[in-house]
Structures are given as C-alpha cells and as structure tokens.
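The values are calculated or read from the model by the stated rules, or taken from the named source; none is laboratory data. Note that this is a predicted model, so its numbers are computed, not measured. Glycine also receives a Cβ, built like all others from the backbone with ideal geometry; neighbour counts cover every protein chain displayed. For accessibility, only protein heavy atoms count, side chains too; no ligands or nucleic acids. Shrake-Rupley method; radii C 1.70, N 1.55, O 1.52, S 1.80 Å.
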Amino acid sequence: MSSTQTFLDAIANRRTIYDLKQELPAGVKIEDVQHVIQTIVKNTPTALNSQENRAIILTGEAHRQVWDRVLKSITSKDGRKRPTSVRDEAYGSVIFFTDNETTNEFRKKFPGFSNAFNDAAYYTSGAVQIESWAALETLGLGCHLQHYNEAVKAALPLDIPISWRVHSQLCFGAPVKGAPAKDFIDNPVRILN
Ligand SMILES: Cc1cc2nc3c(=O)[nH]c(=O)nc-3n(C[C@H](O)[C@H](O)[C@H](O)COP(=O)(O)O)c2cc1C
C-alpha cells in the first residue's frame, strides 16, 4: 500500500470512541503514546515557526485526580456523566495547550500580524489535536475529544505554567467497541481549470 493511502486510511479510520477500558491495547506502552504526541507536537507547523504547541499526558493517579476535580466542578447530574466516564474508564488523557507567552512574543515581534497569531494558535493546536487522535487510533487505542478547558486548567498540577492555554483533552484507552456508522454529506471537491 502506498504511504499516501496509509495516511488517508488513518484519517478515515479516526473516530470518536466513548466506550473505553482503563488499559492500553496489548503490546502498546504509554511511551508509545508519548512518542506519537511528541513527534506531532514537534513537527506540526506553527505561524512563522513560533512553536507554541505544548502537551502533557495524564495517566494513573494524575489522570484520576484531575478528572475527579473536573467532575466536582460540575453541578448538573447529566453534565457529570462524561467526566465520570473519563475518570473511571479512560486509561489516560492528553491535554493540549498553546503557550500564550510564546504567542505574545511573536505578536510583539511581528506587530503587523498581531491578531493573526492568536487565531494561528488555535489553528495549529487543532492540527496537533486531530493528528494525535488519528495517530493514536492507528496504535489501536480508542479516543474521544473533550473541552472541559477551564475546569481542567483549574485542576492541573501546579507545575504546569500559568501561560499555557488549555485547548482540549484527548481521552484514550482500549476500545470496548468501535464507533457506529457515520453519515456523510455529498461534498465534492471540484477542480477548476
Ligand atoms: C473541533 C472539535 C470539537 C469537538 N468537541 C467535542 C466535545 O467537546 N465533546 C465530545 O464528546 N466530542 C467532541 N468532538 C467530537 C465530534 O462530535 C465528532 O468528531 C463528530 O461527531 C464526528 O464523529 P467521529 O469523530 O466519530 O468521526 C469534537 C470534534 C471536533 C473536531
């Protein structure tokens, strides 16, 4: 199979999988997850090579404590369901950030693009998040993406720099079952000559 098709298959096979077991698939180590995330954070492009993407991987007690704090910050019974399942069923979570300090440095260095850098931080973080999601699923993990950003920020260990803006949480574990079939709109990409 060509490497292009392998890449496209990884994109097509990435799905939201909520039913997780608190383990990694056979033969996968947490260091494999770390290698994937590290490679993606390093190589995903950033505006003017500003390199503001950051990530941490929570597992074990750190994952449990953060998600327990997130859970306790939510009052509605329905709203507590997802963080409860993340705490009790996901093996870990990748927290994606961009460093505001870096983004602000570049805003000052290139004042003509000042507003653009703020948007660009979201774009590049989005790229890191979805690349990571697709790549972890090629390892056999199940993943789903969450946005408890403020609650996660408040719950994180104190050694996480205050300037790191939380963008999302990719929750992962061994999949219990695959995702249901998905509908697609008719959405052709045309070639114009
Ligand atoms: C930018 C973005 C934000 C999302 N936010 C959430 C979220 O906060 N919670 C959640 O459960 N799923 C979230 N999702 C998952 C989407 O609902 C899901 O990707 C979409 O329904 C398509 O399903 P699929 O992932 O199985 O292809 C998000 C996905 C994207 C791309």
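Some notes on this structure:
- Viscosity 1.306 mPa s, temperature 10 °C, Stokes-Einstein D of the stretch 116-155 from Kirkwood C-alpha radius, µm²/s: 135 µm²/s
- The figure for E137 is an accessible area of roughly 30 square angstrom, using a 1.4 Å probe on the protein chains alone.
- Restricting the calculation to Cα atoms, the stretch 84-193 yields a radius of gyration followed by a Dmax of 17.7, 56 Å.
- Within the straight-line cut-off of under 18 Å between alpha carbons, the lysines reachable from K29 are K21, sequence neighbours fewer than 8 places apart in one chain being disregarded.
- Two-site label geometry, V189 and N13: point separation in nm, points 7 Å out along Cα→Cβ: 2.0 nm
- With Cα atoms defining each centre, the stretch 107-128 and the stretch 40-70 are spaced 18 Å apart in the structure.
- Out-of-range pairs (alpha-carbon distance over 30 Å; input K72/K108; K77/K182; K81/K182): K72/K108
- The mean sequence distance of close C-alpha pairs (under 8 Å, at least 6 residues apart), as a share of the length of the chain, puts its relative contact order at 35 percent.
- The label-point distance for V176 and A116, in a model that sets each label 7 Å from Cα toward Cβ, rounds to 4.7 nm.
- What the Cα atoms of the chain give is an Rg and a Dmax of 17.9, 57 Å.
- In Å², nearest 10: area of L156 left accessible to a 1.4 Å probe: 20 Å²
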